[in-house]
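For reference, the structure discussed in these notes is given below.
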Amino acid sequence: MCVEREKLALCGKLFWKFFKIGAFTFGGGYAMIPLIRREIAQREGWLEDREILDVLAVSESTPGPMAVNTATFVGYRVAGNLGAALATFGVVLPSFVIIYLLSFVLRQFQSLKAVEYAFWGVRVAVVSLVASAFLSMLRQCPRNWPSYLLAAGAFLLVAFAGANAIVVLIGCALLGLAATKFSVGGVGK
């Protein structure tokens, strides 16, 4: 009985953490990365920074929104199926409520300059959050020239050549596997 109460309390905490992350982050999954890292790894210690990077890689490579995938994965790792369901519900609920309410209000006020400037400010904030997430993830990546070349190549293909991000992701995974297999002291040896 005590174990069930502890698990329910943990699931409630997961819901609340992801509800806050979903409510106070604009710009999607990438903008959530600094908050997920701070709340899940640094404050709660449920996962380590390196595990957060792995969770993000898996979340990005599976179908669906990254924020939802991340919440589901973290919830499952921390508290099983119920944790996955409540973390997912927690991260989705704020967006649903906000979009529902904004749909009524925005049409009436979208032509106002103040609203236009507010959205401009939000876009600027999102860019800074994504840049912060990039730097955080960069610190966790291997520091060698093949990694830098692979990252730069993937960025150029997706950002400027219009390559399909999923194809580039699969290609990078295959190149990473090949590099590991053929490197001295690699995992594949």
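Below are the figures for this structure:
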read-out	value
Where a residue in the stretch 55-76 is without any contact (Cβ under 8 Å) to a residue 40 or more places away in the chain and small (Gly, Ala, Ser) and its partner, wherever it lies, is in a helix (DSSP H, G or I) and surrounded by 24 or more Cβ atoms within 10 Å (Cβ to Cβ), with Cβ under 7 Å and at least six apart	Ser59/Thr70
Hits in the stretch 143-189 (condition: at pLDDT 85 or above, of a type outside the set (S, T, N, Q) and not in a helix (DSSP H, G or I))	Phe160, Ala161, Gly162, Ala163
Index of the failed condition, Ser111 passing every other in (1) open to solvent by 60 Å² or more (accessible area, probe 1.4 Å); (2) at pLDDT below 85; (3) over 21 Å from Ile33 (Cα atoms); (4) outside any loop (DSSP other than H, G, I, E, B)	(4)
Odd one out for Gln140 among (1) open to solvent by less than 80 Å² (accessible area, probe 1.4 Å); (2) of a type outside the set (A, V, I, L, M, F, W, C); (3) more than 24 Å from Leu175 (Cα to Cα); (4) modelled with pLDDT under 80	(3)
Whichever residue in the stretch 84-100 is surrounded by fewer than 17 Cβ atoms within 10 Å (Cβ to Cβ) and of a type outside the set (Phe, Trp, Tyr) and, among such residues, is nearest to Ile40 (Cα to Cα)	Leu93
All positions within the stretch 1-34 that are among the hydrophobic types (A, V, I, L, M, F, W, C) and modelled with pLDDT of 85 or more	Leu8, Ala9, Leu10, Cys11, Leu14, Phe15, Trp16, Phe18, Phe19, Ile21, Ala23
Test set (1) touching a helix residue (DSSP H, G or I) at 6+ places or on another chain (Cβ under 6 Å); (2) free of Cβ contacts under 8 Å to residues at least 40 places away in the same chain; (3) open to solvent by less than 80 Å² (accessible area, probe 1.4 Å) - Leu157 fails condition number	(3)
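The values are calculated or read from the model by the stated rules, or taken from the named source; none is laboratory data. This structure is a prediction, so every number in the text was calculated from the model and none was measured. Note that each Cβ is placed from the backbone with ideal geometry, even for glycine, and that neighbours are counted across all protein chains shown. Surface accessibility is based on the protein's heavy atoms, side chains included, excluding ligands, DNA and RNA. Shrake-Rupley method; radii C 1.70, N 1.55, O 1.52, S 1.80 Å.
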